[in-house]
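Asker: Sharing a structure, written as structure tokens. Questions coming.
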Amino acid sequence: MNLLTVNDQPGAYPPSWYAATATPLPAFAPLQGATRADVCIVGAGYTGLSAALHLAERGFDVVVLEAQRVGWGASGRNGGQVGSGQRREQDDLEAMLGMNDARHLWNLAEEAKTLLHDLIARHDIPAGYRPGIAHACRTTAEVDHARRYAEKLAKDYGYDQVQPVDAARMADLLGTDVYKGGDLDQGAGHVHPLNLALGLARATRARIHERSTVTRLDGTTVHTENGHVQADHVILACNGYLGALEGGVAARVMPINNFIVATEPVPGLMAPVAACDTRFVVNYWRMSDDNRLLFGGGESYGYRFPDIIKTVRKPLLKVYPQLADARIDYAWGGTLAITMNRMPCFRRVARGVLSASGYSGHGVAMATMAGKIMAEAVAGEAGRFDLMARLPQHRFPGGSALRSPLLALAMTWYGLRDRLGL
């Protein structure tokens, strides 16, 4: 099944609130015929665009090939949350890799947030950054864990931006009393994700070609239906839309779908922070600039999109039962990618070919950072790429035929645990 076409119209952004409010960027022409470049990048999301921008700044001649439109994939459809740290907590990383590498990964993630702020400011990108992410806990045990983790970050990593929050304060922040407390990370924040991607494309001096689906790699020659790019280096930045282009990465990076709705304006519902909760099938939400609730969540185990409004309205009303009569004005889905350990998958695919993907829902800052890291590696500064490539990345069991049914089985189990409050 081709995820580039199964749920979307070719060459068109999904009918999202982001697409409706984005600062438009003129379309780029498809690749026609043969061309030459120092670097060919496959994918015009955060990873590819950041790599293109940083490589062009270093003087490389860069071509970017995008099957659909700039920011069309997860980069233009996600919840917009710019989180701190990695997808896994530091305790887990310390146990997995040791204190030294865990600290390097924390510092890298903090630099990723700084990089995002710098790019937005330097290139005047209308991403609308706002500070604050609330992590909402469902049980007192989770609240206790959040408090201890905040204390650990302050003590061991010098990060004092996470404030423990009790139930009353969480209710004030979110406009709902269904959570027991949690924390508020003032060093994290949220953005308009599609405007961020379009702004990166506007800033780069690379040659971008949209509607240019890559059909195969022949060493470092990249072929599309209507042309090819002969390059010295290739960067694969496809994330959940990699398909069969590179089997070694595809075996370790699983595409999954997620869904978001935007309500009619509901002023005063909650504070201008983003939020996510502790369900395994996580809910995440925030208010838009025009006072709509942008709410993501719901379960779906096939690659074809379900009835999105029905899918997302159910968890939405568990958090905000007072919105039972609220109109849904926008509903959209998209494909992200996860790994077995929920850490990004960096790989040297072949001589001259690098890949980064599998951000597991934590990609706004880290995918942008990944692009910079791959630009460094192409330029001969591979230390940070090698750090990320050392992360253990196991293949999903069952191969391409069985991994989706196995994931569905696992997600059904965890979804049941969520519903039972376990």
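Asker: Give me the residue from segment 84-121 that is touching a helix residue (DSSP H, G or I) at 6+ places or on another chain (Cβ under 8 Å) and farther than 22 Å from Gly158 by Cβ and, out of that set, surrounded by the fewest Cβ atoms within 10 Å (Cβ to Cβ).
Answerer: Going through the qualifying residues, I end up with Ile120.
Asker: Here's another thing I want to ask about it. Would you tally the residues in segment 202-224 being in contact (Cβ under 8 Å) with a residue 40 or more places away in the chain and either outside any helix (DSSP H, G or I) or surrounded by 23 or more Cβ atoms within 10 Å (Cβ to Cβ) (or both)?
Answerer: 16
Asker: Still on this structure, I have one more. Under 7 Å between Cβ atoms, which residue pairs at least 6 apart in sequence (or on different chains) link something in segment 79-107 that is in a helix (DSSP H, G or I) with a partner that is aromatic (Phe, Trp, Tyr) and crowded, with 16+ Cβ neighbours inside 10 Å?
Answerer: Sorted first by the residue in segment 79-107, then by its partner, the pairs are Gln90/Trp106; Gln90/Tyr157; Trp106/Tyr157.
Asker: Which number in (1) buried (at least 22 other Cβ atoms within 10 Å of the Cβ); (2) over 30 Å from Met99 (Cβ atoms) marks the one condition that Val143 misses?
Answerer: (2)
Asker: Right, another one. Go over the candidates Arg347, Arg395, Arg313 one by one and state the one that is among the basic types (Lys, Arg), under 24 Å from Leu105 (Cβ atoms) and either in contact with a helix residue (DSSP H, G or I) (Cβ under 8 Å, 6 or more places away or on another chain) or surrounded by 20 or more Cβ atoms within 10 Å (Cβ to Cβ) (or both).
Answerer: On the way: Arg395 fails: either in contact with a helix residue (DSSP H, G or I) (Cβ under 8 Å, 6 or more places away or on another chain) or surrounded by 20 or more Cβ atoms within 10 Å (Cβ to Cβ) (or both); Arg313 fails: under 24 Å from Leu105 (Cβ atoms).
Going through Arg347, Arg395, Arg313 in turn, the sole match is Arg347.
Asker: Additional query: Please find, within segment 259-305, the residue that is nearest to Gly73 (Cα to Cα) out of those that are modelled with pLDDT under 95 and touching a Gly at 6+ places or on another chain (Cβ under 6 Å).
Answerer: Among them, the one singled out is Phe305.
Asker: Another one. Given the options Thr35, Thr23, name the one that is in contact (Cβ under 8 Å) with a residue 40 or more places away in the chain, hydroxyl-bearing (Ser, Thr, Tyr), more than 18 Å from Lys372 (Cβ to Cβ) and out of contact with any strand residue (DSSP E or B) (no Cβ under 7 Å at 6 or more places or on another chain). Working first, answer last.
Answerer: Values: Thr35 fails: out of contact with any strand residue (DSSP E or B) (no Cβ under 7 Å at 6 or more places or on another chain).
Criteria check complete, one pass: Thr23.
Asker: Pull up segment 229-271, narrow it to residues that are among the polar types (S, T, N, Q) and under 21 Å from Arg395 (Cα atoms), then point me to the one that is surrounded by the fewest Cβ atoms within 10 Å (Cβ to Cβ).
Answerer: Within segment 229-271, the match that is surrounded by the fewest Cβ atoms within 10 Å (Cβ to Cβ) is Asn257.
Asker: Being aromatic (Phe, Trp, Tyr), modelled with pLDDT of 95 or more and not in a loop (DSSP other than H, G, I, E, B), is that true of even one residue in segment 23-43?
Answerer: No, the conditions are met nowhere in segment 23-43.
Asker: Out of everything in segment 18-70 that is surrounded by fewer than 18 Cβ atoms within 10 Å (Cβ to Cβ) and of a type in the set (Asp, Glu), what residue ends up being nearest to the chain's Cα centre (by Cα)?
Answerer: Glu57
Asker: Kindly indicate whether Arg342 is outside any strand (DSSP E or B), at pLDDT 95 or above and not polar (S, T, N, Q).
Answerer: no
Asker: Working carefully through the options Leu196, Leu184, Leu200, find the one that is aliphatic (A, V, I, L, M), at pLDDT 95 or above, under 30 Å from Arg148 (Cα atoms) and touching a helix residue (DSSP H, G or I) at 6+ places or on another chain (Cβ under 8 Å). Before you say what the answer is, go through the steps one by one.
Answerer: Numbers: Leu196 fails: under 30 Å from Arg148 (Cα atoms); Leu200 fails: under 30 Å from Arg148 (Cα atoms).
Sole residue among the options that is aliphatic (A, V, I, L, M), at pLDDT 95 or above, under 30 Å from Arg148 (Cα atoms) and touching a helix residue (DSSP H, G or I) at 6+ places or on another chain (Cβ under 8 Å): Leu184.
Asker: Right, another one. If Arg279 satisfies every condition in (1) crowded, with 21+ Cβ neighbours inside 10 Å; (2) over 18 Å from Leu173 (Cα atoms); (3) of a type in the set (D, E, K, R) but one, which is the exception?
Answerer: It is condition (1) that Arg279 fails.
Asker: Has segment 153-162 got at least one residue that is at pLDDT 95 or above, more than 20 Å from Arg130 (Cα to Cα) and in a strand (DSSP E or B)?
Answerer: Step one: list which residues in segment 153-162 are at pLDDT 95 or above, which gives 153-162.
From what is left, the residues that are more than 20 Å from Arg130 (Cα to Cα) are 153-158.
Keeping just the survivors that are in a strand (DSSP E or B) gives none.
Scanning segment 153-162 turns up no residue that is at pLDDT 95 or above, more than 20 Å from Arg130 (Cα to Cα) and in a strand (DSSP E or B).
Asker: Give me the pairs: first residue in segment 154-178 and under 22 Å from Asn100 (Cα atoms), second residue in a helix (DSSP H, G or I) and not polar (S, T, N, Q), beta-carbon distance under 6 Å, and six or more apart or on different chains, which are they?
Answerer: Matching pairs, first to second residue: Tyr157/Trp106; Tyr159/Leu153; Asp160/Ala154.
Let's see how each residue does on (1) hydrophobic (A, V, I, L, M, F, W, C); (2) farther than 13 Å from Ala188 by Cα; (3) touching an Asp or Glu at 6+ places or on another chain (Cβ under 7 Å):
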{"position": "Gln86", "(1), (2), (3)": "no, no, no"}
{"position": "Thr140", "(1), (2), (3)": "no, yes, no"}
{"position": "Arg148", "(1), (2), (3)": "no, yes, no"}
{"position": "Asp156", "(1), (2), (3)": "no, yes, no"}
{"position": "Val162", "(1), (2), (3)": "yes, no, yes"}
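The values are calculated or read from the model by the stated rules, or taken from the named source; none is laboratory data. If you're wondering where the values come from, they're calculated on a predicted model, not measured in any experiment. Ideal geometry is used to build each Cβ from the backbone, glycine not excepted, and the neighbour counts take in all protein chains shown.
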